[in-house]
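Here's the structure, in C-alpha cells; my notes come after.
FYI, it's all coordinate maths here, none of it is from the lab. Since we're looking at a predicted model, the values are computed, not measured. Virtual Cβ from ideal backbone geometry, glycine too; neighbours counted across all protein chains shown.
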Amino acid sequence: MAKAQAKAFVEFQRVQKSYDGEVLVVKDLNLTIPRGEFLTLLGPSGSGKTTCLMMLAGFETATHGDIMLDGVSINNIPPHKRGIGMVFQNYALFPHMTVAENLAFPLEVRKIPKSEREATVKRALEMVQMGQFGGRRPAQLSGGQQQRVALARALVFEAELVLMDEPLGALDKQLREHMQFEIKRIANNLGITVVYVTHDQTEALTMSDRVAVFDDGRIQQLAPPDELYESPQNSFVAQFIGENNTLEGVVKEIANGVALVQLDGGGLIDCNPVNVSKTGERTKVSIRPERVEFNKGRLQPGAHTLTAEVLEFIYMGDIFRTRLRVAGNNDFIVKTRNAPDQVRLEPGAQIEIGWLPSDCRALDA
Amino acid sequence: MSYTDDNGPMMTVDGKPLKRSLAIALRRQKIRALLLISPLLIFVLITFLFPIASMLFRSVENDIVSEILPKTVVALSDWDAQSGELPGEIVYSAFAGDIQRAAKAKDHTRVGLRLNYEKSGMASLFKKTARKAKKWDLEADTPFKNKLIETHKGWADIAVWQTLKTHSSRYTSGYFLNSIDMRKTVSGPEFQPEDRQILVTLFKRTLIISLVITISCILLGYPVAWLLANLPMRQANLLMILVLLPFWTSLLVRTSAWKVMLQQQGVINDLLVALGMIEETGRLALINNQLGTVIAMTHILLPFMILPMYSVMQSIPPTYLRAAKSLGATNWTAFWRVYFPQSVPGIGAGSILVFILSIGYYITPEIVGGNKGVFISNRIAYHIFQSMNWGLAAALGTILLVAVLTLYWAYDKIVGIDNVKLGG
C-alpha cells in the first residue's frame, strides 16, 4: 500500500456532521487520500457519502473535525476559493450560455485574459472530443455530450482535485460504460485526484484505485476493488458488493485459521474466520455464487459439503444461474460459466455442494 | 400487399384514402371536445368578443346626424364649406323640415348632444330651435334662412354649418382625432385649443406611472419570490399565504385602507409626526397625487409579479449556484451571471401582467389618485357615465387595446413569448 502511505493530499480528520443536532449523518470520519488517487465513495442513499463530498466542496460545513487540503485546513474557506473542480449529477451546465461560455466562466471569474481564455477552452473541449460543439447550447447536446462538457468545465481551470457526484447516473448503460473508461483515462492523463460518489458498485469497482464503502455514516471498508470483492470485512460489504449467498449459524470451534460453523438450517461447514473470534458467537457466512462447486472432483478431499435441492435453472447466455435450497435458505444462488462441458441442473434434483474454506467467510451476524 | 400507390396518396387496406379515414376516426373526438368547451366559448363570445367588437365599431360609427337630418346632409353636400358664405335657402329649408320632424319625434336632443361634443353651444341651439320649429308651417313660412336666423342667431354663424357638414358622414375619424387632442374641421384635422388638450397627457401619464409601478413591483417582488423559492417548505408556505392574503381581500377594501394610511391626517403621517421626523405643519402629501396611485397600485399588483417569478425561480435547480461557486464565482457573480439570467423569463411574465393590468386600472386611481394621479381609464369612465360621449370612450378604449397588443407583440419580438413562463 505504497499509495496510502504517500503524503496526504486530502484528509478528513474525525469529521462529524449533523443537520438537526440530533442525528449524526457522518460519524467520525477519518480518510486520507494521496495525490493522484481515484477514490470512490460507494454506498446506499442516505449513507452519508454525498454529505462528505459536499463538505469537501464547501457547500456543507463539518459539525466537528477538520478537512485538510494539501496540508491546510479548509473548514473556513468558502467554496469559490477552494479551487476544487466539481461535476454534478445533472451536469448543471448553465442553460443560457453556450458550451464555450460555460467553459470560459471559471476562467473569466479568475480574470484570465480573453485570448488565453479562448485557447484554454479550445484545448479543454478537444480533450473531451467536443471541439466543434463550442457554439452550441447545452440543451442542443445529448446526455453523453453534456457529460463531456461538464467534465471539461470542471477541469478547465486546472483544478488538482475534482469531485464527481454520480455524474453518470442519467446515462444509459452503454454510454455509461464508455464514459467510465473515458473519465478514468482523462484522470490518469492529467494526474488529478478524483473523489467520485456513486451508488453503482460496478462503476466503483471498474474505475477506482480505492473504494470507500459507506453505510450508516461510517466507512465500512476502504480497500482496492479486488480486495473489497474478494475479502469483504463485514456482512454489509459482502452483501453490498456483488452477489452474495448468506447462511446463518453459530461458531462451534476455531482452530488453525479455520472456523467450524453449525448452520441454523442444519449442517456443518468450514469457514474462514474473518469477523468472529470465539466459540458460540453467531455469524453470517458469506459465499460468492461463482465460488460454489457441485462437481465433487474439483473439491478438496475432506472438505465439508452440504446437500442442496435445485429449485430453478435460469439460462443467461454467458452464465447459468441456478437457485438452490441450502440449509433452509431458498435463495442460494450458484453461477456457472456456459462452458461446453457444463452441467445443466434440473429442478428437483438433489445435489452435493461445497467450496474452499478460504472462499467461505464467517462475518459478523 | 401494398398500402400505397406508387405516386398516389396513402391508402387504407380497403382502398380508402388514409387521410379521409383518419379524419373520420378523429371527428367524434373533435365534436366531443367542442361540446365540452362550448359553454365557455358561448359565454366568452357573448360577454367578451361581442362587446369588444361593438366597442370597436362605436368608435367610428357616426349615423346620428345623417339619420336625423337626412335632407340637410344631402343639401349640404353641394355647399362649399370653405367659401366663407352661408349656405343657400335650399339647405335652410331642408334643415327646417328635418328639425321639425326631429322635434316631433324628440330626436333633436340626440343630434344636439352629438354635435355639442364638437362645438359647445350646439345642444342649446338645437333645443331652442326645435321648440319653435314645431309651430312652423313648412309651406308658408319661407324663406327659412331668415326665419331660422331670427329664431337663433347661431344659424348665421358659418362655423355652425361647418360643424354640421364635417360631422355628417356615416363613419368618422373624429373620435380618434379627439382621443389624441385633435379635432376634425372643414380644413382637415387640427389641434384642440390648449384648454381642451388633456387626453395625450393622460395617455403619457398612464404609461409612465404604469412603468414606475412595474419597476417598483420588480424591485419589491424579486427578493420575496427568491425567498419563496428557496426557503424550507414550512416557511415558504407561510410566506406564500402572506403574499396571497391581500389577493383574497376585496380590492375596494385594500384601496380604502391605503386611503386611511396615506392621507394627511392618516396613520403614516401621524406616526412620522409622533416620531418627530416631520413637523405638524409639514405633513406629507402621500395621497390624491401620483405617489398615492403608485404606492397603492404597487401593493395591489405585487402578487401578479411575485407569482410568475416564483414559479420560474422554483424551476431553477440550486445546483446551478453551487456549480458556479465551485467554478470560482463569488456569491454575487454566481447570482448575477447564473441565477439572474435564468429568472428573467419570470420577470418578463410578471412585468407584462402587471403593466397590462395597470394601464387599464380604474378603481384605485379613482380613489387615491386625486386629479394628478388618474389614468386614461378614469377618463373613459367619465365619458361613459357622465358626458355620455360613448364614441370617444370607445375610441380611447380602442387605442388602449391596440397599445396593449402592440406591447405584447414587441415583447414577443424582443424576448420571445416562449420565454415567458407562468409555471415551471
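Consider the stretch B:326-371 and keep the residues that are aromatic (Phe, Trp, Tyr) and away from every other protein chain (no Cβ under 13 Å). The one that is surrounded by the fewest Cβ atoms within 10 Å (Cβ to Cβ) is B:Tyr362.
The single residue among B:Ala296, B:Ala323, B:Ala285 that is buried (at least 21 other Cβ atoms within 10 Å of the Cβ) and either within 14 Å of another protein chain (Cβ to nearest Cβ) or in a loop (DSSP other than H, G, I, E, B) (or both) turns out to be B:Ala323. Taking the criterion of being touching a Phe, Trp or Tyr at 6+ places or on another chain (Cβ under 9 Å) and surrounded by 13 or more Cβ atoms within 10 Å (Cβ to Cβ), the residues of the stretch A:344-357 that qualify are A:Leu345, A:Ile351, A:Glu352, A:Ile353, A:Gly354. Looking at the stretch A:246-323, the strands (runs of 3 or more DSSP E) lying wholly inside it that each contain 2 or more residues that are in contact with a helix residue (DSSP H, G or I) (Cβ under 7 Å, 6 or more places away or on another chain) sit at A:268-273, A:282-287. The helices (runs of 4 or more DSSP H) found entirely in the stretch A:54-173 that carry 3 or more residues being within 12 Å of chain B (Cβ to nearest Cβ), within 25 Å of the chain's Cα centre (by Cα) and of a type in the set (A, V, I, L, M, F, W, C) are A:143-155.
Reported count of residues in the stretch B:239-258, each being over 14 Å from B:Pro303 (Cα atoms) and surrounded by 11 or more Cβ atoms within 10 Å (Cβ to Cβ), is 5. What residue, among those in the stretch A:31-53 that are touching a residue at least 60 places away in the same chain (Cβ under 8 Å) and surrounded by fewer than 15 Cβ atoms within 10 Å (Cβ to Cβ), is farthest from the chain's Cα centre (by Cα)? Filtering first and then ranking leaves A:Ser45. Among residues of the stretch A:292-328 being in contact with a Leu (Cβ under 6 Å, 6 or more places away or on another chain) and touching a residue at least 60 places away in the same chain (Cβ under 8 Å), the one that is surrounded by the most Cβ atoms within 10 Å (Cβ to Cβ) is A:Val326. Counting only residues that are out of contact with any helix residue (DSSP H, G or I) (no Cβ under 7 Å at 6 or more places or on another chain) and at negative phi, the stretch B:258-278 holds 11 of them.
Please go through the stretch A:132-152 and give me each residue that is farther than 12 Å from A:Leu103 by Cα and among the small types (Gly, Ala, Ser), ordered by number. Within the stretch A:132-152, A:Ala139, A:Ser142, A:Gly143, A:Gly144 qualify.
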